[in-house]
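The values are calculated or read from the model by the stated rules, or taken from the named source; none is laboratory data. All figures in this text were calculated on a predicted structure; none of them were measured in a lab. Neighbour counts run over all protein chains shown; Cβ positions are idealised from the backbone, glycine included. In case anyone asks, the SASA skips ligands and DNA or RNA and just uses the protein heavy atoms, side chains included. Shrake-Rupley method; radii C 1.70, N 1.55, O 1.52, S 1.80 Å.
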Amino acid sequence: MHAKDYVNLEDAYGAHNYHPLDVVIERGEGVWVWDVEGRKYLDCLSAYSALSHGHCHPAIVAALVAQAQKLTLTSRAFRNDQLGLFYQELTALTGYEMALPMNTGAEAVETALKLARKWGYAVKGIPAGQAEIITAQGNFHGRTISIISFSTEPLYHDAFGPFTPGFVTVPYGDAAALAAALTPNTAAVLLEPIQGEAGVIVPPAGYLRAVADLCRRNHVLLLIDEIQTGLGRTGKVLASDHEGVRPDVVILGKALGGGVYPVSAVVADRAILGLFRPGEHGSTFGGNPLAAAAGRAALRVLVEERLVENAAREGEYFQERLAEIPSPHVKEVRGRGLLIGVELHPQAGGARRFCEALQQRGILCKETHEHVIRFAPPLIIDRATIDWAIAPIQDVLNLP
Ligand SMILES: *Cc1c(COP(=O)(O)O)cnc(C)c1O
């Protein structure tokens, strides 16, 4: 079979809810992937940060395979010998007292929303059914009905009502607007520290700090979605660390599974996460031993290979090199660590054609919103590889 045959199969039998580049990948190793025709590419998307450890990291694959041959699933009706250790290691790394495991990012966001509502009623004393949660314009927190209820992207939202009530939207990056939206019924604020899907939107310095102070003064929980930004992507363990903010609830996913298994979690202190009673929330696969073993290996590799430090150092370098590229199309290069967005002028004709041209030159990127190319390679990337990538990127950014 040729690349075209695989593309045709997907298009014939699969729902068209994605618009992928027509590259059919067969194998991956580290920052590199190979297509079915043997062509090699640098992966500059990392599955939206889920592949922070690189493709098929040997230590993570070994942990997954060893666990798969021993015990894969118990359900939470019984206990297993991996979950407690995963809790211990995850809470130690993030500095919280407890964790609750789920599978996908959206499920962890839903978990945080349920937790915030419960806290609002049980602790803050909000009248039953009245809890409000404040979210930001341009947010991306996943695809469930409740989550898309507060999406401001028409494509994600408009066709899918009726919507879940109880959400309020304010402009991103504007702490005064958020302050004005607080009411006695506000249970929580839900934010991304950098809006990845919106086009790598970095809020003004001091924004997260100001929101955290507002939350504390008004007895409102701060829920931070670190699914894309967390676990080293921005050069700190959590992107919230850049402003010395300790959210009440942190939502993790993507890289938590080491690129081999869907693993997500909510972490918080006992006074909050301890509010869930048996039966109020759960997941058949959440916290299964295979997931816990993959998560443990992912955290171990993150620390042992100093991926957070590498993301800080190489991310700064990559961003500098990108910013130096002379190009008639580039409006701005921005980001933090290895989460970098190159925004093109509207007249450039959209980011898609540049991503297709990069593919021809051996670099896989995806357009984010219409005009932004996101560069988010695995955190294991080295200086020599970044240096190699600059020439083809410069080429493409100077296409007519
Ligand atoms: C990817 C992402 C999600 C959703 O995660 P899924 O695993 O796709 O459900 C939520 N929030 C942010 C910030 C994300 O980047």
Report summary line: At the level of C-alpha centres, the distance separating the range 157-177 and the range 63-127, in angstrom, is 26 Å
Report summary line: Of the residues Thr104, Gln137, Leu93, the Cα lying farthest along the dipole of the range 82-139 towards its positive end, which is defined by charges on the beta carbon of Lys, Arg, Asp and Glu, belongs to Gln137
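Rule-of-thumb check for the range 58-304: C-alpha Rg over 2.2 N^0.38 Å?
On the way: Rg = 17.7 Å, N = 247, 2.2 N^0.38 = 17.9 Å.
So the Cα radius of gyration is 0.99 times the expected 2.2 N^0.38 Å.
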Query - Reachable aspartates and glutamates from Lys70, criterion Cα separation under 12 angstrom, eight or more residues apart if same chain - result: Asp81
Query raised in the report: Using θ = phi - 60° and the Karplus curve 6.51 cos²θ - 1.76 cosθ + 1.60, what whole-Hz ³J(HN,Hα) does each residue of the range 141-147 get, with Gly and Pro shown as x?
Result: 10, x, 10, 6, 4, 5, 6
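So which GluC sites (Glu not before Pro) in the range 21-53 are both in a DSSP loop and have at most 16 other Cβ atoms within 10 Å of their Cβ?
Working: sites: Glu26, Glu29, Glu37; in loops: Glu37.
Of the GluC sites (Glu not before Pro), the ones in loops of the range 21-53 whose Cβ has at most 16 other Cβ atoms within 10 Å are Glu37.
Pairs to check: Lys40/Lys254; Lys114/Lys366; Lys114/Lys331. Give those whose C-alpha atoms are more than 29 Å from each other in this structure.
Working: Lys40/Lys254 24 Å; Lys114/Lys366 33 Å; Lys114/Lys331 40 Å.
Violating the 29 Å limit, Cα to Cα: Lys114/Lys366; Lys114/Lys331.
Counting only helical runs of four or more DSSP H residues, what would the 222 nm mean residue ellipticity of the chain come to if each run contributes -39,500 (n - 2.57) and the total is spread over all its residues? Could you put the intermediate results ahead of the total?
On the way: 14 runs with 141 residues, N = 400.
The helix-only estimate for the chain comes to -10500 deg cm²/dmol at 222 nm.
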Report task. Scan around Arg27 for amide H atoms under 5 Å from its own, H built in the peptide plane at 1.01 Å from N, and keep only partners 5 or more places away or cross-chain. Result -> Trp34
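Over the chain, what is the relative contact order in percent, taking alpha-carbon pairs closer than 8 angstrom and at least six residues apart?
Values: 797 pairs, mean separation 90.8, N = 400.
It comes to 23 percent, rounded to a whole number.
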Query raised in the report: Per residue, how many Å² of accessible area does the chain show with a 1.4 Å probe?
Result: 43 Å²
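Taking the range 200-303, which GluC sites (Glu not before Pro) meet the DSSP loop condition and have no more than 10 other C-beta atoms within 10 Å? If you can, show how the numbers build up before the last one.
Numbers: sites: Glu226, Glu243, Glu280; in loops: Glu226, Glu280.
When the GluC sites (Glu not before Pro) of the range 200-303 are filtered for loop state and at most 10 Cβ neighbours within 10 Å, Glu280 remain.
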**Report entry** Nonlocal amide H pairs with Arg306, under 5 Å, H built at 1.01 Å
**Finding:** none
Report task. Heavy atoms only, probe 1.4 angstrom, no DNA, RNA or ligands counted: give me Asp158, Asp5 ranked by accessible area, highest first. Result -> Asp158, Asp5
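How much of the accessible area of the chain, in percent, comes from carbon and sulfur atoms when a 1.4 Å probe is used? Intermediate results must be reported in sequence, preceding the final value.
Working: 9460 of 17320 Å².
Roughly 55 percent of what the probe reaches on the chain is carbon or sulfur.
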**Report entry** Beta bridges per DSSP with both ends in the range 58-304, % antiparallel, nearest 5
**Finding:** 40 percent
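Treat every Asp and Glu Cβ in the chain as -1 and every Lys and Arg Cβ as +1, leave all other atoms uncharged, and give the resulting dipole magnitude about the Cα centre to the nearest 20 debye. Show your work: numbers first, answer last.
Details: 35 positive and 43 negative charges, 200 e Å.
Result for the chain is approximately 960 debye, rounded to the nearest 20.
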